[in-house]
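Below: the structure, in structure tokens.
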Amino acid sequence: MAPDYSKNVPERPEPHKADVKGSLPSWLQGTLLRNGPGIFSVGETTYSHWFDGMAIMHSFTFKDGEVTYRSKYLRGDTYQANIAAKRIVVSEMGTMAYPDPSKNFIVKAITFLNHTVPDFTDNGASNIIKYGNDYYATSETNYIRKIDPVTLETQEKVDYLKYLAVNVVTSHPHYDKEGNAFNIGTSIAEKGKTKYTLFKVPHRMTLMDRANNTSALKNVEVICTVPCRSLLTPSYYHSFGMTENYFIFIEQPFKLDIVKMATAYMRGVNWASCLKYHPEDNTLIHLIDRKTGKEIETKYYTGAMIVYHHVNAFEDDGHVVFDAIAYDDNSLYEMFYLNKLKEGADLKDDSYSIPTYRRFALPLHPDKGTKAGDNLVKLKYTTASAVKEKDDKLICQAEVLCQGLELPRINYDVNGKRHRFVYGCCVERSALATEIGKFDTETKTMVRWSEENCLPSEPLFIPRPNGEAEDDGVVLTSVINSNQGQSGFILVLDAKTFKEVARAYVNNELHKDMHGFFIPHGN
């Protein structure tokens, strides 16, 4: 029986020891943080979409062969306002909140104005990110919430807009070897322009900033801005790619209509309805030099698609190669409305667009002497192409490496370099995974883990210290366990063989979450 995804998840804030079965590697020392929606109804009101639920954070701490578990709600302004009102009063992307009918006209008018120029939620239920030495719960709004990674206590609210002009920001930054973070956000109609802003948050902070508990965002550096193709319909995006020398940003024809968004509250619709996929349009791939902050001259285009998650990107023999999980339509978001995730619902949905793992190859320095119609990709290991058109544009076609893989993770030590292995959720039949897999990009083969009545989360690869191979380590995934008399558990797989090493039953009900972050002990 499928879990009830609309049920509120109880928190367990006090740490307790999990029941470990098997033998954990002695080197596995650290804390896995996971984040996702956990509260779906307040009083008589209910969220419409699963992504909108108020955040609950989980931590699994591995130390000396033992696992300690705890969970706690993110107690931000959104949580406090909803709980105090005993109803949902803060709007989310898929759920528009309206004032209590007993409220007077002035309150209703103020609410209307707040939704015309939205002051977004601080319900960071998507991921955990690190800026400087601090950890934040994040979604995709301009607000992030600092948390204590040990106790999961909610700390100060941070507004990106105090540091740079971005109204929405991804929850999937990249990190370099020094710990610097790189991210991208959209500036909506700022000084009459809508643009995408790539920025760097330096890891190093002054002693004064540390002493004053100053946010690392104080030292943010804008690397570059990319003008939006349309002032009032910026592209939606969830992640981006990064190599040693380049950023890859996909401006896809999945667009947010700003005018419709400003009038959504008045029209009685949610903000998500203002997102529209335009399959008749193409996709523009931006390639930006990390050192100069300038976009390279060549224009790369491909067909209409929707990408939520990049896998990795790397440079090879005059090309930038990037891998991404792509969809042919926007049915993925529609599947997560709670009425479609009701208890007992069949996991199979014929309307679901199966994700495809696509590899693109972008020639960096096209020969000016090449003719229109020539394929400029010279790499032997991929069938990806980049065909020159008469106006010197390159039309890129991806190689499809596999289907039905989502929430991809790699050994992050090879981020920006050529990788071989990818770990993810297997979602051939539905957006809800019953299996996780390890995909080999060279042999195009997949090995899987599954267990009856178990639903695994996004798998994270943790490298063994001084590991000798790309897959030398373990894979961690939290598992919803519907077997009678059993609790949820954290599963540890040998990444090389994809066989179980150990599991730790947490004596608590786990739930479907979004993304996770592993913090090694001593970091």
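Accessible surface calculations at 1.4 Å, restricted to protein heavy atoms, place the chain at 42 Å² per residue. Relative to its residue count, the chain spans a Cα convex hull of 158 Å³ per residue.
In the stretch 12-520, carbon and sulfur make up what percent of the accessible area (probe 1.4 Å)?
Working: 10700 of 21260 Å².
Reported share for carbon and sulfur atoms: 50 percent.
Multiplying the sequence separation of residue 232 and residue 278 by 0.36 nm and subtracting their Cα-Cα distance, what value in nm do you get? Present the calculation step by step, with values, prior to reporting the outcome.
Details: separation 46, 0.36 × 46 = 16.56 nm, distance 1.46 nm.
Contour length minus the Cα-Cα distance gives 15.1 nm.
Spin-label model, residue 328 to residue 46: label points 7 Å out along the Cα-to-beta-carbon direction sit 3.3 nm apart. Taking every DSSP helix (H) stretch of at least 4 residues in the chain, weighting each as -39,500 (n - 2.57) and dividing the sum by the residue count yields a mean residue ellipticity at 222 nm of -2000 deg cm²/dmol. The alpha carbon convex hull volume per residue for the stretch 301-451 rounds to 118 Å³. Ignoring aspartates and glutamates fewer than eight residues from residue 7 along the same chain, the ones with Cα atoms less than 15 angstrom from its Cα are 44, 52, 343, 509, 513. For a test of the definition: using alpha carbon positions, the gyration tensor, and the 1.5 limit on a/c, classify the stretch 327-412 as rounded, prolate or oblate. Prolate, because a/c is 1.5 or more and a/b exceeds b/c. Pairs exceeding a 23 Å alpha-carbon distance, out of 21/499; 157/195; 195/368; 291/388: 157/195; 195/368; 291/388. Our summary gives the chain a relative contact order of 13 percent, counting only alpha carbon pairs under 8 angstrom and 6 or more residues apart. Count Lys and Arg as plus one, Asp and Glu as minus one, and take only other residues whose Cβ is under 13 Å from that of residue 458; the net charge is then 0.
Annotation: amide H of residue 203 within the under-5 Å range of 180, 181, sequence separation 5 or more or interchain, hydrogens built in the peptide plane. In this Cβ point-charge picture (+1 for Lys and Arg, -1 for Asp and Glu), the stretch 12-520 has a dipole of about 860 debye about its Cα centre. Subtracting the Cα-Cα distance of residue 383 and residue 403 from 0.36 nm times their residue separation leaves 5.6 nm of extension gain.
In terms of its alpha-carbon gyration tensor, the stretch 416-457 comes out prolate; a/c meets the 1.5 threshold, and the first ratio a/b outweighs b/c. With a simple spin-label model that places each label point 7 Å from the Cα along the Cα-to-Cβ direction, the separation between residue 14 and residue 497 comes to 3.9 nm.
Of 17/177; 177/378; 130/260; 380/444; 255/512; 72/130, which pairs sit farther than 23 Å apart, going by alpha carbon to alpha carbon?
Going by Cα-Cα distance, 17/177; 177/378; 130/260; 255/512 fall outside the 23 Å limit.
Considering only 181, 230, 283, the residue lying farthest towards the positive end of the dipole of the stretch 164-321 is 230, judged by Cα position with unit charges set on Cβ.
The values are calculated or read from the model by the stated rules, or taken from the named source; none is laboratory data. This is a predicted model, so every value here is computed, not measured. Cβ: placed from backbone, ideal geometry, glycine included. Neighbour counts: every protein chain shown. Note: accessible area is taken over every heavy atom of the protein model, side chains too, but ligands, DNA and RNA are not part of it. Shrake-Rupley method; radii C 1.70, N 1.55, O 1.52, S 1.80 Å.
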